[in-house]
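Scroll down for the structure; my scribbles are underneath it.
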4 protein chains.
Amino acid sequence: MTTDGTETPAPVHGYTAEKSSHLKRLRRIEGQVRGLQRMVEEDKYCIDILTQVSAATKALQSFSLELLDEHLAHCVVEAAQKGGPEAEEKVREASDAIARLVRS
Amino acid sequence: MTTDGTETPAPVHGYTAEKSSHLKRLRRIEGQVRGLQRMVEEDKYCIDILTQVSAATKALQSFSLELLDEHLAHCVVEAAQKGGPEAEEKVREASDAIARLVRS
Amino acid sequence: MTTDGTETPAPVHGYTAEKSSHLKRLRRIEGQVRGLQRMVEEDKYCIDILTQVSAATKALQSFSLELLDEHLAHCVVEAAQKGGPEAEEKVREASDAIARLVRS
Amino acid sequence: MTTDGTETPAPVHGYTAEKSSHLKRLRRIEGQVRGLQRMVEEDKYCIDILTQVSAATKALQSFSLELLDEHLAHCVVEAAQKGGPEAEEKVREASDAIARLVRS
C-alpha cells in the first residue's frame, strides 16, 4: 500500500499483482499464530498445539512457494531475457532462496 | 504457572512450566508475520521476503521441537510409567505429531 | 543377521522385530538411488530426476519415522518405566534425533 | 556416460557438464543406504541408525538442490530467452519440482 500520496510508482516485483491475496494469506497466518498463543494461555493439550503449529508452518510454506513461483515467472525470466551477469545473479539468488526453503 | 494464588489448579501439561517463555516466542513469531505483511505492502524485493518467511518457519519449527521435547519428557514418560493402553496411545499420538512435523 | 544358530542373543532394540521389513525397505531405497545413477548416465531430463530424488527422500523419511515410532514404543517407554537419569537421557536423545529429522 | 563410441551426441541438459560429479555423489549415497542395511542387520542402536538416515536424506537434498540450480541456470534461462509458452511451461515445471522438494 502506498499510503504516502506521492506520485512515484512503487517498484513492481513479481508478486505485486497478487499483493492483496498475499496480504490476506499473511493475515490468516497471523491469526493462526495468535490462536496458538491462546491455546498456550488456556493450557490446551500439547498435541493439539503441535497440530496447529504444523498447519501454520504449512501455510507459511505455501505462501513462500507461491512467492517463489511468481519471482521465477517475472524477475528471473526478465533477467534471463536481458542476459549477462544479471541473469546469472538472479538464478544464484533464487537457488539460494530455494535452498533456505528446503532446509527450513 | 498459576502464580495467582487461586485454588483452582490449571490443567498441567508438559509445557506448563515454560508457558511464559512459549508465549514470548509466539509473540515474536507474530511480529515476524506482521513484518512480512509490511514488506508485502511496501513492495519489498521477493527474495528478501522469502528470507523472512524462512526465518519465521524456522522459529515455528523450533517452537514445536521444544513443545514436543517437553511432551515426551512429561506426558509420555508419565503414561509409560502407568503402562497399559494409555502408554501405547500416547506413543502413537506423539509419533503422529512427529510425522506431521517432519512432513510440514 | 544372526541366522547362524549361535546361542548368544543379539541385542534387542525397538526395531528388531521389524528387521526384515526394514531391510526390504532399505533395499528398495538402494534400488531407487541406483535408478537415479542410471537416469544421470542416460542424460534423462533434470525434472524427471528431481521427481525421483523426492521419492527417495520421502522413502527415507518414512523409514526414519517408523524407526522412531518403534524406538519410542520400546526403548523410551522401558527407560521411562525404570525412571531416573536413564529415562531423561533417552528422552533427550530422542528429542535430538527428532530435531535432526525435522531439520533434514 | 556415452562409452559406446557412437557419434550421436547425447541430449544436453543443465547437469550434463557435472555428470561425473553427480554420479560420484549418488554412489556415495548408495553407499550410505547400504551402510544403513548393515546397521540394521547388526542390530545397531536405533538412534545411531536415525543419525545416518538424516545424513543420507541431507545428501539427497543437496544433490537435488544442485540439480535444480543447474536446471534454472540452463534450461529455464534458455527457455526464457526464447520466450513464449515454453518459457511459462518451464517455470511452472520448475515451481512444481521445488514444491515437491520443499514438501518432501
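Bear in mind these aren't lab numbers, they're just calculated from the coordinates by the rules spelled out. Remember, it's a predicted structure, so these values are computed and weren't measured experimentally. Neighbour counts run over all protein chains shown; Cβ positions are idealised from the backbone, glycine included.
Values for this structure:
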quantity: Chain C, helix-only ellipticity at 222 nm - DSSP H runs n ≥ 4, -39,500 (n - 2.57), divided by all residues, nearest 500; calculated: -24500 deg cm²/dmol
quantity: Unsatisfied cross-links (Cα-Cα over 26 Å) in the set B:LYS19/C:LYS82; A:LYS82/D:LYS19; C:LYS58/D:LYS19; B:LYS24/B:LYS82; calculated: B:LYS19/C:LYS82; A:LYS82/D:LYS19; B:LYS24/B:LYS82
quantity: Leading residue at positive end of dipole, chain D (Cβ point charges), from D:VAL40, D:HIS22, D:PRO85; calculated: D:VAL40
quantity: Counting all C-alpha pairs of chain A, share separated by more than 16 Å (%); calculated: 69 percent
quantity: Using alpha-carbon coordinates, inclination of helix B:84-103 to the longest axis of chain B, degrees; calculated: 10 degrees
quantity: Helix axis angle, B:19-41 relative to chain B longest principal axis, alpha carbon, degrees; calculated: 20 degrees
quantity: Check: the stretch A:8-104 dipole with +1 on Lys, Arg Cβ and -1 on Asp, Glu Cβ, in debye; calculated: 260 debye
quantity: Number of partner chain Cβ atoms within 10 Å, mean per residue of C:79-87; calculated: 3
quantity: Between helix B:46-71 and chain B: long-axis angle, C-alpha atoms, 0 to 90°, nearest 10; calculated: 10 degrees
quantity: Taking the C-alpha atoms of the protein assembly as shown, convex hull volume expressed per residue in Å³; calculated: 163 Å³
quantity: Pairwise centroid distance, computed over Cα atoms, of the stretch B:73-103 with the stretch C:30-104, Å; calculated: 18 Å
quantity: Assigned charges on the beta-carbon of Lys, Arg, Asp, Glu; the protein assembly as shown dipole about Cα centre (debye); calculated: 60 debye
quantity: Length-normalised contact order for chain D - Cα pairs under 8 Å, 6+ apart - percent; calculated: 29 percent
